[in-house]
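Notes follow once the structure below has been shown.
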Amino acid sequence: MIKQDLLLRSVVPAWVLAAGAVFLSPVAWATGVVYGVALVLLTEWGLRRSGRPAFGPADWITFARALLVGCAAELIAEGGFPVGWLAGLAGVALLLDGLDGQVARRTGTASEFGARFDMEVDAFLILLLCIQVSHTLGLWVLAIGLMRYAFVAASWALPWLTAPLYPSMARKTVAAVQGVVLVVAASELLPVAVSSALVGVALGSLVWSFGRDVVWLARHRTPGVVVELTRVSLRRPVWRGHNQAA
């Protein structure tokens, strides 16, 4: 079962990404290859660290979303393509975002690995959309896609940032807004001024959301918790719920 699972995760991305790259430039082809290899290696590493033997039903849905994100990466690396293609791929990936969670809960297969896998796919998709939108609106758009990665980097120096956050509908709403606004901006259906305003509002809401959570974490940290979190992080990553798309 384990070997079959790994074989399928190796063959499927190679076939999907390479098939798309046949019609693209060498740069796009190389992007697809690197992405496919990274996807297989990182998922295998994550499974081993979590002690799970293979993907669950929800993980395969997330894996399918990851393949769509890989195709989007190829299109962005290619450039000059109809923007509707990228918007379509990203839109489907975002629509499927809630499905894997529902399947995990209904099948009783929810796991830390699945949550992290889903989060990483979402975060990378948002970053890709920011790269595409920045071509027309400016490099400031990249702040949306890089904010989550900057937060993770900051948590290496400040372990208390890895503490679990309280459930928040506002946080989920802000995260969902990022994806929707960026897909609309990437489609270039709206005037540049309107897209800039929408993305600016999305960025402002994200800064507010991150800022609110950082303040909350700072107020509720204790020396004992920080030490314990640090010890746990040496064994496995403590996953928390703040990112652009979850």
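The values are calculated or read from the model by the stated rules, or taken from the named source; none is laboratory data. What you are looking at is a predicted structure, and each value in this text was computed from that prediction instead of being measured. Every residue, glycine among them, receives a Cβ derived from its backbone with ideal geometry; neighbour counts consider all protein chains shown.
Select, from Leu217, Leu182, Leu203, the only residue that is touching a Cys at 6+ places or on another chain (Cβ under 7 Å), crowded, with 18+ Cβ neighbours inside 10 Å and either touching a residue at least 12 places away in the same chain (Cβ under 8 Å) or part of a helix (DSSP H, G or I) (or both). Of the residues listed, the single one that is touching a Cys at 6+ places or on another chain (Cβ under 7 Å), crowded, with 18+ Cβ neighbours inside 10 Å and either touching a residue at least 12 places away in the same chain (Cβ under 8 Å) or part of a helix (DSSP H, G or I) (or both) is Leu182. Note on the range 153-176: residues that are touching a residue at least 24 places away in the same chain (Cβ under 8 Å), surrounded by fewer than 17 Cβ atoms within 10 Å (Cβ to Cβ) and under 22 Å from Val199 (Cβ atoms) amount to 3.
Quick check on my filter: what residues within the range 77-93 are part of a loop (DSSP other than H, G, I, E, B) and touching a helix residue (DSSP H, G or I) at 6+ places or on another chain (Cβ under 7 Å)? The one that is part of a loop (DSSP other than H, G, I, E, B) and touching a helix residue (DSSP H, G or I) at 6+ places or on another chain (Cβ under 7 Å): Phe81. Taking the criterion of being of a type outside the set (A, V, I, L, M, F, W, C), exposed (fewer than 15 other Cβ atoms within 10 Å of the Cβ) and more than 30 Å from Gly51 (Cβ to Cβ), the residues of the range 80-133 that qualify are Gly80, Pro82, Gly84.
The requirement of being of a type in the set (A, V, I, L, M, F, W, C), within 23 Å of Leu182 (Cα to Cα) and modelled with pLDDT of 90 or more is satisfied by Val69. Scanning the range 152-176 for residues that are of a type in the set (A, V, I, L, M, F, W, C), part of a helix (DSSP H, G or I) and either closer than 15 Å to Arg221 by Cα or within 14 Å of the chain's Cα centre (by Cα) (or both) yields Val152, Ala157, Trp160, Leu161, Ala175, Ala176. When residues in the range 46-102 are screened for being among the acidic types (Asp, Glu) and closer than 16 Å to Val184 by Cα, 0 of them pass. Taken over the range 42-73, the criterion of being among the β-branched types (Val, Ile, Thr) and closer than 13 Å to Glu120 by Cβ is satisfied by Thr43, Thr62, Val69. Do we find a residue being of a type outside the set (Ser, Thr, Tyr), in a helix (DSSP H, G or I) and farther than 19 Å from Thr43 by Cβ anywhere in the range 103-117? For the range 103-117, residues of a type outside the set (Ser, Thr, Tyr), in a helix (DSSP H, G or I) and farther than 19 Å from Thr43 by Cβ: present. Across the range 39-54, the number of residues qualifying as surrounded by 13 or more Cβ atoms within 10 Å (Cβ to Cβ) and either among the acidic types (Asp, Glu) or at pLDDT 85 or above (or both) comes to 9.
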